[in-house]
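Participant: One structure coming up, written as structure tokens, with questions to follow.
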Amino acid sequence: MRANEAGPSKFTNVFVKNLETGTDDNKLKAMFGKFGEIESAIVKAGPNGERTDSGFVNFKNSEDATKAIEALNKSKMPNGSILIVSEHISKQQNQLSQGQDKLTSIDIAMKKTFDSNIYAQFVPLHVTEAQLREVFSKAGDIVSAKLSKGQSLSYQNAFVLFDNVDQAKRAIQLFHESIDFGGKPLKVDFWLSKQEREQEKKQRDLNEMKWMFDLL
């Protein structure tokens, strides 16, 4: 595949996730062909050669790649799954962008794709994904809602992706410190990547140190 064009907003290679079962290279190309000329379309193969639910589409022009993302990202597939379409960041590009105090290219791309994703802690174990979706839909249209069991024996975590940022903000306002599921009040905030969390912690530590020195 051709390398992405130079410049932060110039890219031709697109990553696709949550493809329907049975999607092959030709179907993937047909799905994205209406946005512009495609140089290659490949459905990623699994360890045993089977087709996975992800793939890559390389456009001839960066403008067409951008149009495809704007039109198809977070769109609902006939089988009910939510299609995720974003700029593809190669391993080399990501390594070149790494630095002690800045987000990598992958982190930035993930942030753009999941900017309306919220993270909720202290969801009781008895709560199902259907119940989670029912409650949080009061804030807006939900793209996906997932539960994840962490190390706690009493609670689980939730990830809710809304259609837009305003709806995600409303969910935080409605449900942070709420007891809609009973038990411990929920802790709800925007989802952050691992590097963003590390940066946030580092900034808090610096602010605490500054506060301590100001007292001296």
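Any read-out appearing in this document is the output of simple, stated calculations on the displayed coordinates, not a laboratory observation. As the structure is a prediction and not an experimental result, all values here were calculated from the model. With ideal geometry, Cβ positions are generated from the backbone for all residues, glycine too; neighbour counts draw on all protein chains shown.
Participant: Mind listing the phi-derived Karplus ³J(HN,Hα) values for region 162-168, rounded to whole Hz, using 6.51, -1.76 and 1.60 with θ = phi - 60°, and x for any glycine or proline?
Facilitator: Result, rounded to whole Hz: 8, 5, 8, 5, 4, 5, 5.
Participant: Could you size up the charge dipole of region 115-190 around its Cα centre, putting +1 on the beta carbon of Lys and Arg and -1 on that of Asp and Glu, and report it in debye to the nearest 20?
Facilitator: I would put it at about 240 debye.
Participant: Taking the highest mean first, how do the peptides 39-49, 24-34 order by number of other beta carbon atoms within 10 angstrom per residue?
Facilitator: Taking the mean over residues of other Cβ atoms within 10 Å, the ranking is 24-34, 39-49.
Participant: Highest mean first, what order results for 122-134, 55-67 on Cβ atoms within 10 Å?
Facilitator: Going by the mean number of other Cβ atoms within 10 Å, highest first, we get 55-67, 122-134.
Participant: Could you pull out every residue, at least 5 positions away or on a different chain, whose amide H is within less than 5 Å of the one on Ser75? Hs are placed 1.01 Å off N in the peptide plane, and Pro or chain starts have none.
Facilitator: Excluding prolines and chain starts, which carry no amide H, the hits are Leu83.
Participant: Show me, for region 116-129, the HN-Hα J-couplings you get by feeding each phi into the Karplus relation (A = 6.51, B = -1.76, C = 1.60, θ = phi - 60°), rounded to Hz, glycine and proline as x.
Facilitator: Listing the rounded values in order: 10, 9, 10, 10, 10, 10, 6, 7, x, 5, 6, 6, 9, 5 Hz.
Participant: Now a separate question. Rounded to a whole number of µm²/s, how large is the Stokes-Einstein D of region 13-88 at 4 °C and 1.567 mPa s, given Rh as the Kirkwood radius over C-alpha pairs?
Facilitator: 106
Participant: Can you give the FRET efficiency for Leu192 and Thr21, using 1/(1 + (r/R0)^6), R0 = 41 Å, r = Cβ-Cβ distance, to the nearest 0.05?
Facilitator: 0.80
Participant: Evaluate the distance, in nm, between pseudo-label points positioned 7 Å from the Cα of Glu50 and of Thr128 along their respective Cα→Cβ axes.
Facilitator: It works out to 2.6 nm between the two label points.
Participant: May I pose another question? So which of Lys138/Lys184; Lys44/Lys138; Lys67/Lys138; Lys10/Lys34; Lys34/Lys74; Lys76/Lys149 end up more than 28 Å apart by C-alpha?
Facilitator: Lys44/Lys138; Lys67/Lys138, as the Cα separations exceed 28 Å there.
Participant: For Tyr119 and Lys10, calculate 0.36 nm times their separation in residues minus their Cα-Cα distance, and state this gained length in nm to one decimal. Walk me through the numbers before you get to the answer.
Facilitator: Working: separation 109, 0.36 × 109 = 39.24 nm, distance 3.07 nm.
The Tyr119-Lys10 span can extend by a further 36.2 nm.
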